[in-house]
Amino acid sequence: MLLTKEATLDLYFPIDDSLTIRDQIYHFVRQLIMDGHFSHKDRIVEAQLAKKLNISRTPVREALHSLEREGLLESIPRVGYKLRSMTRKDVAEICEIRIVNETLAAKWAIQRITPELVPMLEENIRASEEMARKGNPRKFVGLDGKFHEIIQRASGSERLVELCMLLRDSMMLCRVKSIYTSETVLEALKGHWAILHCIRHCAYDEVGRTIREHLNYAKQNILKVAFPED
């Protein structure tokens, strides 16, 4: 069990000899964050993490610093780290930048379209629909990210892929379990089908509007659940 200051988590740390210890810790903690294992009340304590994993504190400290620089964690003096706090302004800003970047990715993907692109996207959407029907909407998180990543990689620009994924990961800090209901997943998938329609028919001018509508829906859903008091 991994003890944070306010939370206890089941912990399995896979070993990957192709990476340094520091990089393994970085990817491990980052995945815990993306999977929603930490709440904003939890504290990630360097010494406790190092002790649990039976490694020195130096690679743990370096990994946590990297996650802080990436904008996923923030440091609390003499305590440890916590998830970076997000505001309504942050969510709106990230969403607007995502719209610009992902529209560009989709347009470049249309310009470079291959025979494999449309079937890959369609398979992803159908898998998401199946998860929703089976009552596993939380599994939509990974499939949703994969849908957008397929389009981004089809753009042919690794730099654009990195920017898009960084912004999406930042948005994940506001994702909460209640967002992922079968109803919200199926509604989001309408946006995926619309984006796929644009790509299938090379609707270069229409795809930007479709992506804006899709990401604005996601933004409003996040704001409603993550900031209910506003």
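The values are calculated or read from the model by the stated rules, or taken from the named source; none is laboratory data. These figures come from a predicted structure and were not determined experimentally. Cβ coordinates were reconstructed from backbone atoms using ideal geometry, including for glycine residues, and neighbour counts include every protein chain displayed.
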Segment 150-230: helices (runs of 4 or more DSSP H) wholly inside it with 2 or more residues that are touching a Phe, Trp or Tyr at 6+ places or on another chain (Cβ under 9 Å) and surrounded by 19 or more Cβ atoms within 10 Å (Cβ to Cβ) are 182-200
For segment 18-74, which fully contained helices (runs of 4 or more DSSP H) count at least 3 residues that are surrounded by 13 or more Cβ atoms within 10 Å (Cβ to Cβ) and within 19 Å of the chain's Cα centre (by Cα)?
21-34, 57-69
Filter result for Val161 (touching a residue at least 40 places away in the same chain (Cβ under 8 Å), in the same structural domain as Ile195 (by TED's automatic domain parsing) and in contact with an Asp or Glu (Cβ under 8 Å, 6 or more places away or on another chain))
yes
So for segment 128-137 (the condition being in contact with a Pro (Cβ under 9 Å, 6 or more places away or on another chain), among the aliphatic types (A, V, I, L, M) and crowded, with 17+ Cβ neighbours inside 10 Å), does at least one residue qualify?
yes
Can you find a residue that is touching a Lys or Arg at 6+ places or on another chain (Cβ under 7 Å), assigned to a helix (DSSP H, G or I) and farther than 19 Å from Ala203 by Cα anywhere in segment 126-134?
yes
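Given the residues Glu122, Glu62, which is the only one that is at pLDDT 95 or above and not assigned by TED's automatic domain parsing to the domain that holds Ile222? Explain how you work it out, then say what you get.
Values: Glu122 fails: not assigned by TED's automatic domain parsing to the domain that holds Ile222.
On inspection, the qualifying residue turns out to be Glu62.
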How many residues of segment 22-76 are of a type in the set (Gly, Ala, Ser), touching a helix residue (DSSP H, G or I) at 6+ places or on another chain (Cβ under 8 Å) and under 29 Å from Cys164 (Cβ atoms)? The answer is 5
